[in-house]
Every structure is written in C-alpha cells, then in structure tokens.
Amino acid sequence: LTGVLDDCLCDIESIDDFNTFKIFPKIQKLQERDYFRYYKVNLKRPCPFWADDGHCSIKDCHVEPCPESKIPVGIKAGSSNKYSKAANNSKELEDCEQANKLGAVNSTLSNQSKEAFIDWARYDDSQDHFCELDDERSPDAQYVDLLLNPERYTGYKGPSAWRVWNSIYEENCFKPRSVYRPLNPLAPSRGGSCLLVSVCRFSWTGLCLEKRVFYKLISGLHASINLHLCANYLLEETWGKPRWGPNVKEFTRRFDPAETKGEGPRRLKNLYFLYLIELRALSKVAPYFERAVVDLYTGNGHEDAESKALLLDIFRDTKSFHMHFDEKSMFAGDKKGAKSLKEEFRLHFKNISRIMDCVGCDKCRLWGKLQTQGLGTALKILFSEKEIQSLPENSPSKGFQLTRQEIVALVNAFGR
C-alpha cells in the first residue's frame with residue numbers, strides 16, 4: 001500500500017515510519033506490564049440475537065483463566081472505576097457512606113424498587129458508552145492473562161463465524177450504497193459476481209462522512225483480526241507440538257487484489273484508518289492520565305510508576321504526530337441532526353459489541369470483545385473532549401471517567 005488515505009490528509013508511509021520507530025516498541029512493552037496484561041471478561045454471556053449453536057470444541061479455542069492468586073492485589077481489590085491507591089483505600093469509607101444514604105431512603109422501599117434504582121443508575125452511567133460492558137461482579141467474569149492467551153488462528157470457521165460477520169455488516173453497519181457482503185460462501189450471490197468476503201459495486205454515493213467513518217472502522221477491525229490470524233497460524237502439529245507462524249497463502253486469499261476482486265487493499269487501508277482513529281483518541285485522553293490522581297495501581301509502587309511513565313511517554317509521541325484525523329469534521333451539521341446521528345452511531349456500535357457474545361470460539365470471543373471495547377473506548381474519548389479538558393487535577397473525575405477495563409482494552413486494541 002502507498003499514498004494518501006481517504007477522508008484524511010495522512011499518507012501510509014508516514015504512519016508506517018511513525019508506528020515502527022516510535023510507537024510499536026513502546027506499546028509492546030506496555031502490554032507486558034501487569035496493569036495491562038490482565039483483562040476481566042465474561043465468556044459465558046449468552047448470545048442475545050440467536051440460539052447458541054454451541055461452542056468451538058477445538059482445543060486451541062480454549063481460554064485459560066488466571067487463578068485469583070496470580071492477580072496483583074491492587075487489581076483484584078479495586079472496583080471497576082478505581083485506578084489509584086487512594087481510591088482503593090477509600091473504597092470502604094465510600095461503601096459505608098453509600099449504605100447510609102441508601103438506608104435513609106430505602107427504609108420504605110421494597111427490594112424490587114431498590115433493584116430498579118440500581119438499574120436506573122447503571123443505565124445513566126451507560127449513556128456515554130459505545131459498548132455493552134460485561135458485569136465484572138458476575139460470578140462468570142474471570143481474569144485472563146492476555147500474554148498467555150494470544151490471538152491467533154484456532155481453526156474456528158464455518159457457518160457460526162460467517163453469521164457473526166454477516167450480522168455485523170448487513171444489519172448493524174452503515175454501508176456504501178449497493179454493497180453486498182455474503183461472507184458465507186454457501187449463500188447465493190447476487191448476479192453471480194460476488195465471492196467470499198468480496199464487495200461488489202463499491203460506491204460512497206449518498207453516504208455522509210460519519211457513516212463512511214463507521215463502515216471503515218468496522219472493516220478495519222475485521223482486517224485487523226484477519227491479519228492476526230494469518231500472522232499467527234497453526235502451520236503444523238507433529239507429536240502434539242504445534243508450530244505457529246505466518247501463513248502467506250491465507251493472507252493472499254484474504255487481501256490480494258486478484259483474489260478479492262480488488263477489495264483487499266481497501267480493507268488494509270481501513271486498518272490504517274482504524275489506527276489513526278485510535279491514535280487520535282490516545283492523544284486526546286492524555287490529560288486524563290497526566291493528573292497525579294491516576295496511578296495505574298496494581299499494588300507494586302515501583303512497577304506502577306514505571307507503567308505510568310511509559311504510558312505518558314507514548315502520549316507524548318501520539319501528540320507529536322502531525323497528520324491526525326480531524327474528528328471535529330464529524331457531527332458538525334445542525335445540532336438536532338448531529339445529535340440524532342451521533343446516537344445512531346453509538347447504538348449501532350453498541351449492538352456490534354453485543355454480537356461478540358455470539359462468537360463460538362472462546363479465544364476469538366475474548367479478542368473480539370477486547371478489541372471492540374478498545375475501539376468503543378476510543379470513540380467515547382473522541383466525543384468527550386470538553387469533559388476531558390475540564391477535569392479537576394486532584395480529585396476523582398465527574399464528567400468523564402474510564403474504568404480499568406476500558407483502559408486495558410484501549411491500550412491492547414491499539415497494540416493489536
């Protein structure tokens with residue numbers, strides 16, 4: 001790939017140089033730190049859209065949860081919004097005060113009413129989220145060590161996988177006009193001209209910038225996942241010893257222009273576009289982490305300080321990039337129309353995050369959920385610029401807040 005990307009002033013060569021020499025080595029180190037390697041996820045949530053067709057029985061689909069004893073004390077002790085030592089130490093006091101407040105009101109309320117109030121509060125909290133978040137208090141939610149459960153090709157394919165991507169593209173994605181994506185090769189093509197994962201009669205006619213951006217982000221996420229599978233493919237297994245590595249033939253099948261009717265390079269360009277969006281989010285959220293109140297707390301003071309220093313170093317690099325995507329060009333029309341479009345944007349993406357609970361392979365579901373939440377967090381940041389700029393320096397966030405889960409997902413998604 002070469003040249004300028006659509007809908008921005010950035011060229012591919014500049015991104016390659018910037019990422020290879022500045023960002024990638026540092027983001028790799030950051031992902032190995034305790035704060036960012038443990039991700040809490042519920043892999044047992046039922047698919048909300050169709051009857052579950054069973055989980056992948058291939059052994060490489062399995063995710064090995066992390067024993068409680070291995071999780072750093074500061075991570076498992078803190079609630080989802082706590083990331084500093086002070087916040088963790090004050091949790092008991094907060095719980096006490098909260099109990100007193102609830103007690104004062106709830107003495108006349110039934111248990112059903114109390115539950116309703118909690119649900120309402122949860123609903124209010126979720127209004128700025130672009131993702132359906134796992135309930136971390138669920139007994140089915142477990143910590144996973146991402147370094148011990150790498151994203152790679154597990155053998156999961158067929159109707160279950162096709163149905164997930166078909167649902168995303170056909171029902172939950174703003175598409176270029178006349179685009180048809182029959183991801184299931186068994187599905188009849190329209191006019192016989194569409195092949196596996198191909199796009200026919202590609203045209204942006206009538207699609208506004210915001211909807212083009214949405215489509216490119218989902219296509220970029222899809223390309224990202226496919227690239228990881230091609231780069232870390234099960235090449236052979238002899239005497240129970242698997243050998244993983246790049247599968248050039250598989251990469252060619254998914255991305256070569258001749259194999260994809262010219263669509264492959266466009267998919268790769270959308271991956272670069274996804275990179276730009278998440279890079280922009282990192283540069284915008286820097287003030288949130290630059291405050292002394294944010295510690296990336298694990299309980300190990302020395303490591304926590306090093307992790308934060310490395311993260312701030314990455315933020316400095318992201319700010320130095322001179323070809324950022326300009327998100328101010330989005331939702332810039334009349335206020336009523338812009339607000340309605342933004343909400344449509346958010347709900348479409350939230351639906352896609354719920355579809356990740358329909359992925360039959362646990363390892364694919366883990367990385368699908370994590371990367372979707374990472375992108376959702378990036379979008380949340382880009383639409384919260386005013387709130388981030390007005391954050392108090394030495395007190396907890398009110399207008400804008402990130403949970404530890406969102407922080408871990410954002411960094412690891414960008415790392416992918």
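The values are calculated or read from the model by the stated rules, or taken from the named source; none is laboratory data. All values derive from a computational prediction rather than experimental measurement. In this analysis, Cβ positions are derived from the backbone assuming ideal geometry, glycine residues included, and neighbour counts consider all displayed protein chains. Side chains included, ligands, DNA and RNA excluded: accessible areas come from the protein's heavy atoms. Shrake-Rupley method; radii C 1.70, N 1.55, O 1.52, S 1.80 Å.
Structure above, values below:
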{"quantity": "Scope the range 382-416; condition assigned to a helix (DSSP H, G or I), within 17 Å of the chain's Cα centre (by Cα) and of a type outside the set (S, T, N, Q); matching residues", "calculated": "Leu382, Arg404, Glu406, Ile407, Val408, Ala409, Leu410, Val411, Ala413, Phe414, Gly415"}
{"quantity": "All helices (runs of 4 or more DSSP H) inside the range 263-377 with 2 or more residues being of a type in the set (Val, Ile, Thr) and farther than 30 Å from Val73 by Cα", "calculated": "335-355"}
{"quantity": "Residues (among the polar types (S, T, N, Q) and out of contact with any Leu (no Cβ under 6 Å at 6 or more places or on another chain)) located in the range 219-276", "calculated": "Ser219, Asn226, Asn232, Thr238, Asn247, Thr252, Thr260, Asn270"}
{"quantity": "Residue satisfying all of: in the range 230-251; open to solvent by less than 50 Å² (accessible area, probe 1.4 Å) and touching a Cys at 6+ places or on another chain (Cβ under 9 Å); farthest from Ala338 (Cα to Cα) among these", "calculated": "Asn247"}
{"quantity": "Scope the range 214-254; condition among the charged types (D, E, K, R) and part of a helix (DSSP H, G or I); matching residues", "calculated": "Lys216, Lys249, Glu250, Arg253, Arg254"}
{"quantity": "Subset of the range 259-306 [under 24 Å from Ser395 (Cβ atoms), in contact with a Gly (Cβ under 6 Å, 6 or more places away or on another chain) and open to solvent by 10 Å² or more (accessible area, probe 1.4 Å)]", "calculated": "Tyr297, Gly299"}
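Residue by residue, here is whether (1) part of a strand (DSSP E or B); (2) at pLDDT below 90; (3) open to solvent by 80 Å² or more (accessible area, probe 1.4 Å); (4) of a type in the set (Asp, Glu) holds:
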site	(1), (2), (3), (4)
Thr20	no, no, no, no
Phe24	no, no, yes, no
Ile27	no, no, no, no
Leu30	no, no, no, no
Phe36	no, no, no, no
Lys40	yes, no, no, no
Trp50	no, yes, no, no
Cys56	no, yes, no, no
Asp60	no, yes, no, yes
